[in-house]
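Report on one structure; see the data block that follows.
The values are calculated or read from the model by the stated rules, or taken from the named source; none is laboratory data. Fair warning: this is a prediction, and the values are worked out from it, not measured in the lab. Note that we place each Cβ from the backbone using ideal geometry, even for glycine, and neighbour counts take in every protein chain shown.
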Amino acid sequence: MADTQKKKGRGSGFFTVSNLLKVPSSLGTLRSFMDAVNWKTAETDIQHDLERKIVIVGLANTGKSTLFNKIQGKYRSEVSPIAGTTRSLVAGLFGPFTLIDTPGHLPDLQETSAKDAAVIVMLIDGSQPLRADDRKLLARLQALKRPLLIVMNKADLVKGDPDVAAGSLAAQLGVNDVIPVSAVTGFNVAVDLMPAIIDASPEAALAVGRALPEFRRVAAEKLIRNASLVSLAAGLEPIPLVDIPVILGNQIRMILRLGAIYGEPLSAQHVRELIGAIAGGLAFRYLAEEVAKAVPIGGDLVSGAIAGAGTWAMGYVALEYYEGGKKLTPAQMRETFGRVYARVRHQQRAGESLSELSAPPA
């Protein structure tokens, strides 16, 4: 009996009252956690993200310049049916980003441009049979290990259903998906291609959201989902307190990214104001998360769910704050946080994952 008690004591050593009392359950302690975050590093990280590129590549005359101009909404790159018209990188201002139309006849330049891309968009001419050079270019781009979207352009010239043609092209290339578009008519550019670019990487979401207001909320919601999943994973850490700096740092970067999407300067002050406004609710959730770790079976899963839901709710507070012109009062922020958090936890208990959750009603 004594041995059993000893074993139990060892096994639950991290879940003593003294340990749980160290959880940031007060506003003052939460502020100390915030002060411990390297704000400058967080701002530098976001600034680095703002410098990433979305790169359009493809063989000559696949419609890269036309797609570039369609996305930009203005004429920036010369368009011509003559192969090799684009003879150098065409850098268009895409907010703080650069969208690059790379010349199809300069594969070495293409590869150099694509090495640090947030997303590579490879165009293939759907009006012609697949060429050996398309396969070679794809292999070179895949070797770069960057997010890559394969797009069948000139869908308006394809005989039959463009989706069927794109599926056939995907099978020939041995890839999961090819997106059919028409850069000339705009077919599928806004409906499929731009959301796919946003979904491909956080840096791309940041780029598109900041530059194109019509895609801003979609991009913001992508960043919120990503950050929520990171918090969920961090919350699965079974040792109390270890995960809180990770989760808080992740949340700070999320709010900085959301601010960048809405054109805010990279200022830690706005982040502090947002977190400070809902600090009481956050402290309570952090406490609940750490207490959940004391449950022998399944406690880590509950802790992760709480962390993910809290980040999701914080993200939507920030989203409504920026979309509302920063006019939400602290009381309104706390009300929004509590409402969204309760909704997410309800859906989690119903078996929905964070990646499946829909946006809360406005």
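A few remarks follow.
- Here residue 210 fits the description: of a type in the set (Lys, Arg) and more than 12 Å from the chain's Cα centre (by Cα).
- Boolean, residue 177 is more than 25 Å from residue 47 (Cα to Cα), in contact (Cβ under 8 Å) with a residue 24 or more places away in the chain and acidic (Asp, Glu): yes
- Residue within the range 243-261 that is modelled with pLDDT under 75 and either touching a helix residue (DSSP H, G or I) at 6+ places or on another chain (Cβ under 7 Å) or on the phi < 0 side of the Ramachandran plot (or both) present: yes
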